[in-house]
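Undergrad: Before we start, here is the structure in question, set down as structure tokens.
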Amino acid sequence: DAKTTQPPSMDCAEGRAANLPCNHSTISGNEYVYWYRQIHSQGPQYIIHGLKNNETNEMASLIITEDRKSSTLILPHATLRDTAVYYCIVRPPTGNQFYFGTGTSLTVIP
Amino acid sequence: KAGVTQTPRYLIKTRGQQVTLSCSPISGHRSVSWYQQTPGQGLQFLFEYFSETQRNKGNFPGRFSGRQFSNSRSEMNVSTLELGDSALYLCASSGARPGRNTEAFFGQGTRLTVV
């Protein structure tokens, strides 16, 4: 079952940073935080994941609070192609199962 | 390298029939998991296979079953189709070994419509 809470929708101006919050207050010490996005019923696309340290890759940055009860996905310069539903997922340490919540529908506005 | 391939992309079936969907994972990946996506329930985990063994299972009735072959290709089967089984079925493959965390890559899905 999903263990995350996300706002249902957000807007962001093109070129600005998009900051997507996620609460996961019941996360266990060995559970990872993953972010995926889904564009119009295509397969979800992997963005980034982390355990306790902040992470950055070519797509985004992931900031996890020290108590690990929440995190923020940052898209540094949002483009129109970033319009999608973003899912924050707490993943068990073993197995390849993801329990998706309802996600945040991000709309990037020109 | 090639991504996750799901076939067919679209399918129309009649209530009471059964259906088999196929998923070919990324080469070298041994874990395949399946998901159902509907407007009402969102994305829900069905089951996961690793090295031909079901490793995890979601909360779905026994009409939903799956298997994995020695080449890691997987199939899922839905018997006695109901209208509510209309959904986008997604599979994901991962190269993670048990106890290791890494990303999973999703296919484009099979759109099943039950009439």
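Undergrad: What is the one condition in (1) within 13 Å of another protein chain (Cβ to nearest Cβ); (2) touching a Ser or Thr at 6+ places or on another chain (Cβ under 9 Å); (3) charged (D, E, K, R); (4) touching a residue at least 60 places away in the same chain (Cβ under 8 Å) that A:GLU55 does not satisfy?
TA: Result: A:GLU55 passes all but (4).
Undergrad: Name the residue, out of A:TYR46, A:TYR99, that is surrounded by fewer than 21 Cβ atoms within 10 Å (Cβ to Cβ), outside any strand (DSSP E or B) and in contact (Cβ under 8 Å) with a residue 12 or more places away in the chain.
TA: None of the other options fit; the residue is A:TYR99.
Undergrad: So in segment B:34-46, with the set limited to residues that are crowded, with 22+ Cβ neighbours inside 10 Å and within 8 Å of chain A (Cβ to nearest Cβ), which one is nearest to A:CYS88 (Cα to Cα)?
TA: Selected residue: B:LEU43.
Undergrad: Of everything in segment A:16-34 that's part of a strand (DSSP E or B) and out of contact with any His (no Cβ under 7 Å at 6 or more places or on another chain), which residue is nearest to the other protein chains (Cβ to nearest Cβ)?
TA: Step one: of segment A:16-34, the residues part of a strand (DSSP E or B) are A:18-23, A:32-34.
Still in the running and out of contact with any His (no Cβ under 7 Å at 6 or more places or on another chain): A:18-23.
Numbers: A:ALA18: 21, A:ASN19: 22, A:LEU20: 17, A:PRO21: 19, A:CYS22: 16, A:ASN23: 17 Å.
So, considering only residues that are part of a strand (DSSP E or B) and out of contact with any His (no Cβ under 7 Å at 6 or more places or on another chain), the one nearest to the other protein chains (Cβ to nearest Cβ) is A:CYS22.
Undergrad: Still on this structure, I have one more. Could you list, in sequence order, the residues of segment A:1-38 that are out of contact with any helix residue (DSSP H, G or I) (no Cβ under 8 Å at 6 or more places or on another chain), under 20 Å from A:ARG81 (Cα atoms) and among the aliphatic types (A, V, I, L, M)?
TA: Across segment A:1-38, the qualifying residues are A:MET10, A:ALA13, A:ALA17, A:LEU20.
Undergrad: Spot the failing condition for B:PHE64; the list is (1) under 20 Å from A:HIS40 (Cβ atoms); (2) among the hydrophobic types (A, V, I, L, M, F, W, C); (3) surrounded by fewer than 20 Cβ atoms within 10 Å (Cβ to Cβ), and only one is missed.
TA: Against the list (1) under 20 Å from A:HIS40 (Cβ atoms); (2) among the hydrophobic types (A, V, I, L, M, F, W, C); (3) surrounded by fewer than 20 Cβ atoms within 10 Å (Cβ to Cβ), B:PHE64 comes up short only on (1).
Rundown of residues vs (1) free of Cβ contacts under 8 Å to residues at least 40 places away in the same chain; (2) under 19 Å from B:PHE45 (Cα atoms); (3) surrounded by fewer than 20 Cβ atoms within 10 Å (Cβ to Cβ), yes/no style:
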residue: A:ASP11; (1), (2), (3): no, no, yes
residue: A:ALA17; (1), (2), (3): no, no, yes
residue: A:GLY29; (1), (2), (3): yes, no, yes
residue: A:SER41; (1), (2), (3): yes, yes, yes
residue: A:LEU51; (1), (2), (3): yes, no, yes
residue: A:THR72; (1), (2), (3): no, no, yes
residue: A:ALA84; (1), (2), (3): no, no, no
residue: A:ILE109; (1), (2), (3): no, no, yes
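The numbers here are math on the coordinates, done by the rules we state, and not lab data. Every value quoted in this text rests on a predicted model; they were computed, and no experiment measured them. Reconstructed Cβ throughout: ideal geometry from the backbone, glycine too, with neighbour counts over all protein chains shown.
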